[in-house]
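First the structure, in the form of structure tokens, and then the observations on it.
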């Protein structure tokens, strides 16, 4: 029998306790839920030496929930793949560490004045940097719709192609406008689904509009764009020619998640002080010549530090370079063991839930929240496109079938199982998986059901749990997907095997990281493109509906599907955030 270690279990010393935890997983003893398991017998292809790991801690000793310093992104070795995975682990441990006094307070580094919240988009399309203050409450919202290069919500067709959703044109009276076969603009009075669920549009006289097609701006009509129509409570997507585009069942732009214990999932984005002062200096002329890429060198960092110093600000850990965090949270009172989560208080929206198909936002409340997922994104030497890494709590979702290489050099398969208790999946669920039951329509604060469901918990699975499809390697250094999975699994075993028993951060599993070869603009997943590492990476709490419908590499997206450049615009927040001053 293969030794299996529960995700989130902590082991010290590594070998002795690994066996104990393997027994714990087998006996089914109580834990934070049913934790995803990490094979403890994976070949150690990516590890961190104990002597090196000790130096990550500010005290130069491994302590319980101790302060970890950030990776030096300026001197990043840029040696694939393991140095990228090591950077990811250290930056996660740093961001979730207790905030040292030099940061000015805060429960965690990400909660300290060393980071800023990023506000939602206002009516002018702008976001604001909100400084963290001692005792201040963070505000959390529903997941904003995933956006593409045009900054429009995205959806994926059945082939895995990403499409951006263009808002429909409306008349002065608020009615839908369409083009007819003769290129006339016609006001739509009524819609219906005809034979084979083909949409039909009728004018004010009751006549069907022949050749009806969406009105899409000329400059983008040849791009991968569609318009969305709700007809008989069913979302229908039409391209510029008026043809129906077949999307995965249950997909929704702005899909909203709810746990099996009926907590909505809430989100927040944050950036560090280097990012904030880099953005401000770039936008207000304080850093010249005007940068076009995120900082990757000491010379570029010096300009940012000098600019901040000119405004009486010292950047305590500037070697982290520019960092962006995206986080996902649930109501801590609804999880089995809140002590196994990183928690903080936050303000979240409330809803009138009278209608099971349409919840109307009606206020807000303060809750203790539990962290369930986090993206850690940052620039490093050689990589202005940033390294994109992700972590999840052990109890989130079950994994689909995957393979890894064990210490005997044999390929071992771990089969999919939904047995047990999960936050985002019903016990023994047979699916459908990752089918949205509800969404937050673009530009609205409400929640509406997605036909044929009511507003309710759905069943989520992690189709590619270590960032690789089952049929293709995600990078040029690993001959097989099993070899790539083994690197991530062994990095988890290495780091979590050295943390002190009880360190809450051990309950969050590293799922992979992706970047481009040489820091170039992304051109697509390896092998056809230059996106490498774990290039089929997705977080089940954030890219729930962008994972595709199976384990194959040809389905689903990754971070660079939407973040399509290596300039500052690789961060969608950058163009929308107003400078600090």
query = Across 5 Å bins from 0, what is the distribution of all Cα-Cα pair distances for region 423-581, in whole percents?
reply = 2, 8, 14, 16, 16, 16, 14, 10, 4, 1, 0
message = Please list, in order, the residues from region 444-463 whose amide nitrogen is less than 15 Å from a point placed 7 Å along the Cα→Cβ vector of residue 355.
response = 444-451, 454-455
request  = Kindly state, to the nearest 0.05, the FRET efficiency for residue 309 paired with residue 58, given R0 = 30 Å and r defined as their beta-carbon distance.
outcome  = 0.80
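Using a ≥ b ≥ c from the Cα gyration tensor of region 106-192 (square roots of the eigenvalues), is it rounded, prolate or oblate, where a/c under 1.5 gives rounded and otherwise the larger of a/b and b/c decides, a/b for prolate?
Numbers: a/c = 3.83, a/b = 2.37, b/c = 1.62.
Prolate shape, in that a/c is at least 1.5 and a/b is the bigger ratio.
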ask   = What is the gain in length, in nm to one decimal, between residue 207 and residue 319 on full extension, counting 0.36 nm per residue of separation less the C-alpha to C-alpha distance?
value = 33.7 nm
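For residue 333 and residue 51, calculate 0.36 nm times their separation in residues minus their Cα-Cα distance, and state this gained length in nm to one decimal.
On the way: separation 282, 0.36 × 282 = 101.52 nm, distance 3.88 nm.
Residue separation times 0.36 nm, minus the Cα-Cα distance, leaves 97.6 nm.
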task = May I have the extent of the alpha carbons of region 219-364 along their three principal axes, as whole Å values ordered from largest to smallest?
result = 59, 51, 27
ask   = When only alpha-carbon atoms count, how far does region 452-498 stretch along each of its three principal axes, as whole angstroms with the largest first?
value = 45, 31, 11
key: Cα-based Kirkwood hydrodynamic radius, the chain, one decimal, Å   = 24.7 Å
request  = Calculate the spin-label point distance for residue 183 paired with residue 409, positioning each point 7 Å from the Cα along the beta-carbon direction, and give it in nanometres.
outcome  = 6.8 nm
query = Rounded, prolate or oblate: which one fits region 292-371, using the alpha carbon gyration tensor with axes a ≥ b ≥ c (rounded when a/c is under 1.5, else prolate when a/b beats b/c, else oblate)?
reply = prolate
query = Under the definition of Cα pairs under 8 Å and six or more residues apart, what whole-number percent is the relative contact order of the chain?
reply = 20 percent
remark   = So the pair-distance distribution of region 159-238, from every Cα-Cα distance in 5 Å bins, comes to percents of 3, 15, 25, 27, 19, 9, 3, 1
key: Kirkwood hydrodynamic radius (C-alpha pairs) into Stokes-Einstein, region 512-581, 4 °C and 1.567 mPa s, D in µm²/s   = 99 µm²/s
query = Cα axis of helix 82-95 to longest principal axis of the chain: angle in degrees, 0 to 90, nearest 10?
reply = 90 degrees
remark   = extent check for region 79-156: Cα max minus min per principal axis, descending, whole Å, gives 39, 39, 17
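When a footprinting reagent is the concern and you count Cβ atoms within 10 Å, what order do 358, 572 take, fewest first?
Working: 358 16, 572 19.
Sorted ascending by nearby Cβ count, the order is 358, 572.
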request  = Please work out whether region 318-449 counts as rounded, prolate or oblate from its C-alpha gyration tensor, where a ≥ b ≥ c are the square roots of the eigenvalues and a/c under 1.5 means rounded, while otherwise a/b larger than b/c means prolate and anything else oblate?
outcome  = oblate
key: Gain on full stretching of the segment that runs from residue 451 to residue 102 - 0.36 nm per residue minus C-alpha separation   = 120.5 nm
ask   = Where the centroid of each part is defined by its Cα atoms, how far is region 271-349 from region 63-123 in Å?
value = 9 Å
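Read-outs throughout are calculated quantities, based only on the coordinates presented, and are distinct from any laboratory measurement. Here the structure is a predicted model, which means the values were calculated and not measured. Heads up, the Cβs are rebuilt from the backbone with ideal geometry, glycines too, and the neighbour counts pull from every protein chain shown.
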